[in-house]
Amino acid sequence: MNRDTNLDKIQSFNRQWDIVIIGGGASGLGIAVDASKRGYRTLLLEKNDFGKGTSSRSTKLIHGGVRYLQNGDISLVIESLRERGILKKNAPHLVRDLSFVIPTYDWWSSPFYGIGLKIYDMMAGSLGLGKSLILSKEETIKLIPNVNKKGLRGGVIYHDGQFDDTRMAISLALTANDQNACLINYCEVIGLTKEDNLVTGLEFKDTIKNQTYEIKAKVIINATGVFADKIIKMDQPKSKKLIKPSQGVHIVLEKKFLDSQHAIMIPQTTDGRVLFAVPWKNYVVVGTTDTQITDTLDEPKPLKEEINFILNNASKYMTIKPSKKDIKSVFTGLRPLAATSNKKSTKEVSRSHKINISTTGLISILGGKWTTYRKIAEDAVDASISLGGLRKRNCKTKNLRIHGFRKKVDWDDPLHVYGSDSRKLKSYGSHKDNASLSKKFFISNSIIHWSVKKEMAMTVEDVLARRTRCLFLDSEESLRIAPQVAKKMAEIMEKDKAWVDEELKKFNTLSKNYKA
Ligand SMILES: Cc1cc2nc3c(=O)[nH]c(=O)nc-3n(C[C@H](O)[C@H](O)[C@H](O)COP(=O)(O)OP(=O)(O)OC[C@H]3O[C@@H](n4cnc5c(N)ncnc54)[C@H](O)[C@@H]3O)c2cc1C
């Protein structure tokens, strides 16, 4: 997956692309996999880096959504549970089982959630990951030693999936690339072109080389998440807003605050939502919030109240109470919820996806979840066939193995996310010094080299935020090792000192967003 090669491909390809996708998040990358697997000439353009948007900022769950069951959104739960099973089968190196404990503090909670979760198990059918069970007080304490014991009556345990969202995003990009799709990061779509009032192409800018291009396409798919309305306005300037963005914040703590391999699910927060405390890569991710916002930024900012809300609600369930100074990192994402005509609060808006086709033939993806990205892609490509007059070919992703597919996984090996590539990666670039740059994370010179040469990492942020997850887990530590990462990247990419200085300046500013 080489950026220069792919730009050359675009320049030399002077025919119409079958499908051009705007946006390289879960939805766009999933569509690139589906379309290229069906044999369509596929191009994907991402204005930042793959996964830089919402798709790097999720709770990292591949789940049916217990909360959606509470809301009565049965069809979404059934679809998500089915997709969870498909994804676990096709990407066993990236999706793992995780058990969740709901601690209960009154007489009715255990039977109430116990029955609900039995229904959840039944809905998953043969794709279930394990049976839910009602726990005694002693069993709950054994599973979550740091659970608040005051008034504890027992608990319920159930199972869902967990993943590393950006490693999944990069693996999807590589899967599409394996099938001859052309994917490029740092290319922003700046305009749509039309003939006879139909969208027939677009203009984009390579923001690294500062060069613009025009291309023609049979179908253009707007998969830009919370930015979808901006592309829709390029097509129909008077269009109403179709996306209702809602912000979600996570804080990251040291693992001692949970001290368990099981997650805690808090079913009823002070604002009537659920909150998770999830063990992830030797840390604990706690979140999230649901705050309706109007500004859609590439780097959304957490509100003080959101951080306090998470700390207060999590503290009620933990013996060691976290405070602001314990926060290792904060990350904030924007949900691209499909707007509804009624005045529902964002927590009530369904997370299911919609495919919108404008009168000029622009397809836009609205809403959706990481868990259902494959189904979103299938629906979008199915819609493209009739719209673009493409030769009909059926979806092939139900059984398509994701790049790096490997069944036997050692979850303690930090390289497990690379799956079958991990052996080659270990000695990639034959560096004399290949020890980890950090005691907290495994980031070696080989990983940096691999990220640049095989995974299109262009900036220090790409390596520290999305090829590895250092920035998301420990912002101070990522700042400490950034100079070594920049120096190594410059060596591999043949960049000068000015590039290193500029990269470090940008990373320094960015990392402030990840501090509480
Ligand atoms: C706090 C939070 C927690 C979540 N947790 C979960 C979870 O645990 N499990 C789950 O299944 N789902 C979860 N979700 C939902 C899931 O993360 C999102 O639904 C999904 O990531 C959206 O993907 P997307 O591709 O639509 O959007 P994005 O990931 O935002 O991708 C859109 C891309 O388009 C690019 N773009 C924008 N404009 C342009 C342009 N002009 N030219 C080129 N590119 C452009 C952007 O840079 C961006 O990368 C969560 C969401 C949030 C906010």
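Computed values, structure above
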{"item": "Count of segment 272-292 residues which are within 24 Å of residue 243 (Cβ to Cβ), within 20 Å of the chain's Cα centre (by Cα) and part of a loop (DSSP other than H, G, I, E, B)", "result": "4"}
{"item": "Residue list for segment 240-261, filter: within 16 Å of the ligand (Cβ to nearest atom) and part of a loop (DSSP other than H, G, I, E, B)", "result": "241, 242"}
{"item": "Residue satisfying all of: in segment 18-49; part of a loop (DSSP other than H, G, I, E, B) and more than 7 Å from the ligand (Cβ to nearest atom); nearest to the chain's Cα centre (by Cα) among these", "result": "49"}
{"item": "Condition met for residue 161 (within 20 Å of residue 84 (Cα to Cα), within 16 Å of the ligand (Cβ to nearest atom), small (Gly, Ala, Ser) and modelled with pLDDT of 95 or more)", "result": "yes"}
{"item": "From 311, 334, 387, 415, residue being under 30 Å from residue 78 (Cβ atoms), at pLDDT 95 or above and outside any strand (DSSP E or B)", "result": "387"}
{"item": "Residues of segment 242-273 satisfying the condition of being among the aliphatic types (A, V, I, L, M), buried (at least 18 other Cβ atoms within 10 Å of the Cβ) and closer than 22 Å to residue 141 by Cβ", "result": "253, 258, 263, 264, 265"}
{"item": "Segment 51-68, residues that are buried (at least 19 other Cβ atoms within 10 Å of the Cβ), more than 7 Å from the ligand (Cβ to nearest atom) and not hydroxyl-bearing (Ser, Thr, Tyr)", "result": "64, 65, 66"}
{"item": "Residue match in segment 63-80 (condition: under 15 Å from the mean Cα position of the chain (by Cα) and modelled with pLDDT of 95 or more)", "result": "no"}
{"item": "Every residue from segment 50-80 that is in contact with a Ser or Thr (Cβ under 9 Å, 6 or more places away or on another chain), in a helix (DSSP H, G or I) and not aromatic (Phe, Trp, Tyr)", "result": "55, 56, 75, 76, 79, 80"}
{"item": "Selected residue (criterion: nearest to the chain's Cα centre (by Cα)) from residues of segment 1-17 that are in contact (Cβ under 8 Å) with a residue 40 or more places away in the chain and in a helix (DSSP H, G or I)", "result": "3"}
{"item": "Residue match in segment 69-81 (condition: more than 19 Å from residue 269 (Cβ to Cβ), near the ligand (Cβ under 8 Å from one of its atoms), in contact (Cβ under 8 Å) with a residue 24 or more places away in the chain and surrounded by 20 or more Cβ atoms within 10 Å (Cβ to Cβ))", "result": "yes"}
{"item": "Looking only at segment 467-503, and only at residues there that are among the hydroxyl-bearing types (Ser, Thr, Tyr) and part of a helix (DSSP H, G or I), the one that is surrounded by the most Cβ atoms within 10 Å (Cβ to Cβ)", "result": "478"}
{"item": "Residue under evaluation residue 234, criteria (1) within 16 Å of the ligand (Cβ to nearest atom); (2) under 28 Å from residue 70 (Cβ atoms); (3) not basic (Lys, Arg); (4) not in a strand (DSSP E or B), criterion not met", "result": "(2)"}
{"item": "Residue match in segment 167-177 (condition: away from the ligand (no atom under 16 Å from the Cβ) and either touching a residue at least 24 places away in the same chain (Cβ under 8 Å) or acidic (Asp, Glu) (or both))", "result": "yes"}
{"item": "Conditions (1) buried (at least 19 other Cβ atoms within 10 Å of the Cβ); (2) at negative phi: number failed by residue 456", "result": "(2)"}
{"item": "Residue 410 being closer than 26 Å to residue 91 by Cα and in the same structural domain as residue 174 (by TED's automatic domain parsing)", "result": "no"}
{"item": "Residue tally, condition out of contact with any helix residue (DSSP H, G or I) (no Cβ under 6 Å at 6 or more places or on another chain) and either buried (at least 24 other Cβ atoms within 10 Å of the Cβ) or closer than 20 Å to residue 211 by Cβ (or both), over segment 26-37", "result": "1"}
{"item": "One residue from 205, 194, 230, 216 being more than 23 Å from residue 400 (Cβ to Cβ), touching a Cys at 6+ places or on another chain (Cβ under 8 Å) and assigned by TED's automatic domain parsing to the domain that holds residue 9", "result": "205"}
{"item": "Leading residue by the ranking (surrounded by the most Cβ atoms within 10 Å (Cβ to Cβ)) among those in segment 82-105 that are part of a helix (DSSP H, G or I) and more than 15 Å from the ligand (Cβ to nearest atom)", "result": "90"}
{"item": "Qualifying residue in segment 186-205 (condition: within 27 Å of residue 61 (Cβ to Cβ), within 14 Å of the ligand (Cβ to nearest atom) and modelled with pLDDT of 95 or more)", "result": "no"}
{"item": "Segment 380-400, residues that are farther than 16 Å from residue 87 by Cβ, surrounded by fewer than 24 Cβ atoms within 10 Å (Cβ to Cβ) and of a type outside the set (Val, Ile, Thr)", "result": "382, 383, 386, 387, 388, 389, 390, 391, 392, 393, 394"}
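The rows are residues; the columns are (1) under 24 Å from the mean Cα position of the chain (by Cα); (2) more than 16 Å from the ligand (Cβ to nearest atom); (3) modelled with pLDDT under 95; (4) surrounded by 20 or more Cβ atoms within 10 Å (Cβ to Cβ).
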| site | (1), (2), (3), (4) |
| --- | --- |
| 323 | no, yes, no, no |
| 326 | no, yes, no, no |
| 339 | yes, no, yes, no |
| 354 | yes, no, yes, no |
| 363 | yes, no, no, yes |
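The values are calculated or read from the model by the stated rules, or taken from the named source; none is laboratory data. What you see is a predicted model; the values in this text were computed from it and never measured. Cβ atoms come from the backbone with ideal geometry, glycine included; neighbour counts cover every protein chain shown.
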